[in-house]
């Protein structure tokens, strides 16, 4: 398994009763697999993992692995505020057949560097799976220091990549230069569609992008065009991605905006999110329609 390309942090579809809609989940997995994404990330930030019970997390991941049926790699999230609970989830997801695991820093405690080192080191030592560290300071309040990455990857061969959801070009550039100099095969993926092409140009490896739920093909096409050396085509596609990135600028949340977009596109996905998040209103949906129309031939 090589972690690269376009990985989708999946929404968690809900029905009107706000329970997980497994028919919607099956449709989504089929849609993403058919559009040739490289991997799926259930129990994700976009998937409202903080609003799921532990039982729901387990059922969501188990079902995703079952439905995907080895057609694409599955990298579930095991982020919690407790190292022991993250380990418990990681062990269960490994037993279910996950190909790797994704973990953020704890999102309640603003942990110090030595605490974060202990958290990630314990996870890597006790879980015999590839680990992707997810750096998302917008939700955790913690920017993972580059020197901590250096220490972790020197000590743990199963820490194989990172997702960076941080709108800081300089940080991403420095991370790529530093970490690739230590371990060239370490994978660096952006969590922001608008940084997908810059990340690839600087030597990164792709993206784990929420807008891939609704627009998997445009992200895959950009990635493949870049690999083929067709830079003019990659730039043309990137202009579309910059346009659809506006959806996250106008939405109440990435989760609600993504679900509204899928509904507008005719997918059998309802716009429902769990409180405290709210569904998008009619005015926002009209703006999303215009954005979709602007990139549609």
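The values are calculated or read from the model by the stated rules, or taken from the named source; none is laboratory data. Treat the numbers as computed from the prediction; the structure is a model and nothing was measured. A quick note on method: Cβ atoms are made from the backbone with ideal geometry, for glycine too, and the neighbour counts reach across all protein chains shown.
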Check your understanding: Of all residues in the stretch 201-222, which are farther than 23 Å from residue 26 by Cβ, surrounded by fewer than 24 Cβ atoms within 10 Å (Cβ to Cβ) and in contact with a strand residue (DSSP E or B) (Cβ under 7 Å, 6 or more places away or on another chain)?
Key -> 205
Revision key, fill the gap. Residue 114 vs (1) more than 23 Å from residue 207 (Cα to Cα); (2) surrounded by fewer than 20 Cβ atoms within 10 Å (Cβ to Cβ); (3) touching a helix residue (DSSP H, G or I) at 6+ places or on another chain (Cβ under 9 Å): all pass except (3)
Check your understanding: Does at least one position in the stretch 57-71 carry a residue that is modelled with pLDDT under 95, out of contact with any helix residue (DSSP H, G or I) (no Cβ under 7 Å at 6 or more places or on another chain) and within 28 Å of residue 226 (Cβ to Cβ)?
Key -> yes
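How many residues does the stretch 38-54 contain that are surrounded by 16 or more Cβ atoms within 10 Å (Cβ to Cβ) and in a loop (DSSP other than H, G, I, E, B)? Can you show your working first?
Filtering the stretch 38-54 for residues surrounded by 16 or more Cβ atoms within 10 Å (Cβ to Cβ) gives 38-49, 51-52.
Narrowing the set further to residues that are in a loop (DSSP other than H, G, I, E, B) leaves 38, 42-48, 52.
Qualifying residue count for the region: 9.
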Revision key, fill the gap. Taking the stretch 16-37 and keeping residues out of contact with any helix residue (DSSP H, G or I) (no Cβ under 8 Å at 6 or more places or on another chain), in contact (Cβ under 8 Å) with a residue 40 or more places away in the chain and part of a loop (DSSP other than H, G, I, E, B) leaves 16, 18, 21
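Helices (runs of 4 or more DSSP H) wholly in the stretch 185-297 with at least 2 residues that are without any contact (Cβ under 8 Å) to a residue 24 or more places away in the chain - which ones?
Details: elements: 196-202, 216-227, 231-244, 246-250, 254-264, 282-295.
Passing ranges, in order: 216-227, 231-244, 282-295.
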Check your understanding: Can we say residue 42 is in contact (Cβ under 8 Å) with a residue 12 or more places away in the chain and over 26 Å from residue 260 (Cα atoms)?
Key -> no
